[in-house]
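*Asks:* The following block contains the structure, expressed as structure tokens.
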Amino acid sequence: MGTAAGAGALRLPGLHGYAVEFSPYCPGRVACAAAQYYGMAGCGTLAVLGQNEAGIVLLRSFDWNDGLFDVTWSENNENVLITCSGDGSLQIWDMAKSKGPLQVYKEHTLEAYSVDWSQTRGEQLVVSGSWDQTAKLWDPAVGKSLCTFKGHEGVIYSTIWSPHIPGCFASASGDQTLRIWDVKTPGVKLVIPAHQAEVLSCDWCKYDENLLVTGAVDCSLKGWDLRNIRQPVFVLLGHTYAIRRVKFSPFHATILASCSYDFTVRFWDFSKPNPLLETVEHHTEFTCGLDLSLHNRGQVVDCAWDELVKIYTPSCLAVPV
């Protein structure tokens, strides 16, 4: 255990971090969605951060009149981002513009908690998930949602596009299920009773189109093979409070990372008999946001309710010299 080497940190005073995401275009550039008063009251801020020799610097910030809970970068414009907020709306921002947002989409009737831009070439689709128990499909060029997906019986915490299958996304919910959807069909494709607790996060493996991971309030991570959902293909135990976010590595087929309300970030290799590779303890509050860089092998960004965003390379992901 310990803090990670090579860490840079930036404090966002008065803001509690909910989500972070590396830019798909600019190495080291990060977006952070944050909220005042732990997201329970007050405003929100989208902070765009960069790195230089001195550490992490604030490049741009945009304010919204409610807490921001998630952020996703455009896949076709390096300056465009989408956030989602406590008032149920999605906001489109352009870093090249002095003020924003460019557009606001207000359809969800409760908190919009998750937003993700499709990484599949040829599609410019965004999916959002809400506490109103629905997921919505958006084309950023169209002023209203294209489709609403109903079926969850609890809050939706996470919506993530498949990096492999066009038009396919997963959702994780307080109803204890992981669900798989296809935008071409209105009903749910697959319902996986993933945990006996609220499921707060899910992610797709970058190397296997049938493999997903879920993280839940029961402190466990579970791997799911969509071809046989009766039993998880792996279970990872070690966190001591709810797992808030989970991410597969873009460079290692069997490595993933998770962050938790136990203040830690943990790195795992589910192919090993002892899967826990490393525990990073460098936050003093709930750790909510987590991402792994596509550009810089082994680089990680996280954020927490202690107002800190940290970019670092854990020793277990450091490339051997």
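The values are calculated or read from the model by the stated rules, or taken from the named source; none is laboratory data. These numbers were taken from a predicted model, which means no experiment stands behind them. Using ideal geometry, Cβ is built from the backbone for each residue, glycine included, and neighbour counts are taken over all protein chains shown. Note: accessible area is taken over every heavy atom of the protein model, side chains too, but ligands, DNA and RNA are not part of it. Shrake-Rupley method; radii C 1.70, N 1.55, O 1.52, S 1.80 Å.
*Asks:* If a residue must be farther than 21 Å from ILE192 by Cβ and either modelled with pLDDT under 95 or not hydroxyl-bearing (Ser, Thr, Tyr) (or both), how many such residues does segment 138-157 contain?
*Replies:* Counting residues in segment 138-157 that are farther than 21 Å from ILE192 by Cβ and either modelled with pLDDT under 95 or not hydroxyl-bearing (Ser, Thr, Tyr) (or both) gives 9.
*Asks:* Just checking, does segment 301-317 include any residue being at pLDDT below 95 and either more than 15 Å from GLY17 (Cβ to Cβ) or open to solvent by less than 20 Å² (accessible area, probe 1.4 Å) (or both)?
*Replies:* Let us first name the residues in segment 301-317 that are at pLDDT below 95, namely none.
The answer is no, given that none of the residues of segment 301-317 is at pLDDT below 95 and either more than 15 Å from GLY17 (Cβ to Cβ) or open to solvent by less than 20 Å² (accessible area, probe 1.4 Å) (or both).
*Asks:* Could I ask something else about it? Tell me which residues, restricted to segment 48-58, are open to solvent by 60 Å² or more (accessible area, probe 1.4 Å) and at pLDDT below 95.
*Replies:* Taking segment 48-58 and keeping what is open to solvent by 60 Å² or more (accessible area, probe 1.4 Å), we get 51-54, 58.
Listed by number, the residues that qualify are GLN51, ASN52, GLU53, ALA54.
*Asks:* Tally the residues that are closer than 13 Å to SER201 by Cβ and among the acidic types (Asp, Glu), restricting the search to segment 257-296.
*Replies:* Going through segment 257-296 one residue at a time, the tally reaches 1.
*Asks:* I'd like to verify a number: residues in segment 52-75 that are in contact (Cβ under 8 Å) with a residue 40 or more places away in the chain and more than 21 Å from the chain's Cα centre (by Cα), how many? Outline the logic, then answer.
*Replies:* Of all residues in segment 52-75, those in contact (Cβ under 8 Å) with a residue 40 or more places away in the chain come to 55-58, 67-75.
Keeping just the survivors that are more than 21 Å from the chain's Cα centre (by Cα) gives 55, 57.
The total comes to 2.
*Asks:* Among the residues of segment 253-275, is there at least one that is under 26 Å from ALA33 (Cβ atoms), open to solvent by 20 Å² or more (accessible area, probe 1.4 Å), of a type in the set (Val, Ile, Thr) and free of Cβ contacts under 8 Å to residues at least 60 places away in the same chain?
*Replies:* Scanning segment 253-275 turns up no residue that is under 26 Å from ALA33 (Cβ atoms), open to solvent by 20 Å² or more (accessible area, probe 1.4 Å), of a type in the set (Val, Ile, Thr) and free of Cβ contacts under 8 Å to residues at least 60 places away in the same chain.
*Asks:* Looking only at segment 280-298, how many residues end up being more than 19 Å from ASP70 (Cα to Cα) and either among the acidic types (Asp, Glu) or surrounded by 17 or more Cβ atoms within 10 Å (Cβ to Cβ) (or both)?
*Replies:* Looking only at that region, the number is 5.
*Asks:* Here is a follow-up. Quick check: is even one residue across segment 1-21 buried (at least 20 other Cβ atoms within 10 Å of the Cβ), small (Gly, Ala, Ser) and in contact with a Pro (Cβ under 7 Å, 6 or more places away or on another chain)?
*Replies:* Checked against the condition, which is being buried (at least 20 other Cβ atoms within 10 Å of the Cβ), small (Gly, Ala, Ser) and in contact with a Pro (Cβ under 7 Å, 6 or more places away or on another chain), segment 1-21 yields at least one hit.
*Asks:* Could you please find all residues in segment 103-133 being among the hydrophobic types (A, V, I, L, M, F, W, C) and either in a strand (DSSP E or B) or in contact with a helix residue (DSSP H, G or I) (Cβ under 7 Å, 6 or more places away or on another chain) (or both)?
*Replies:* VAL104, ALA112, VAL115, TRP117, VAL126, VAL127
Conditions (1) open to solvent by 40 Å² or more (accessible area, probe 1.4 Å); (2) part of a strand (DSSP E or B), marked per residue:
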| position | (1), (2) |
| --- | --- |
| GLY28 | no, no |
| TYR38 | yes, no |
| LEU46 | no, yes |
| SER61 | yes, yes |
| ASP66 | yes, no |
| LEU81 | no, yes |
| ASP87 | yes, no |
| LEU90 | no, yes |
| TRP93 | no, yes |
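*Asks:* Another question, then. Inside segment 230-247, can you point out the residues that are without any contact (Cβ under 8 Å) to a residue 40 or more places away in the chain and open to solvent by less than 30 Å² (accessible area, probe 1.4 Å)?
*Replies:* Selection gives HIS239 alone.
*Asks:* Oh, and also: So the check is Cβ under 7 Å with 6+ separation or different chains; which pairs have a first residue in segment 207-220 that's within 18 Å of SER271 (Cβ to Cβ) and a second one that's of a type in the set (Asp, Glu) and open to solvent by less than 50 Å² (accessible area, probe 1.4 Å)?
*Replies:* Correct list of pairs: ASN210/ASP225; LEU211/ASP225; LEU212/ASP203; VAL213/ASP203.
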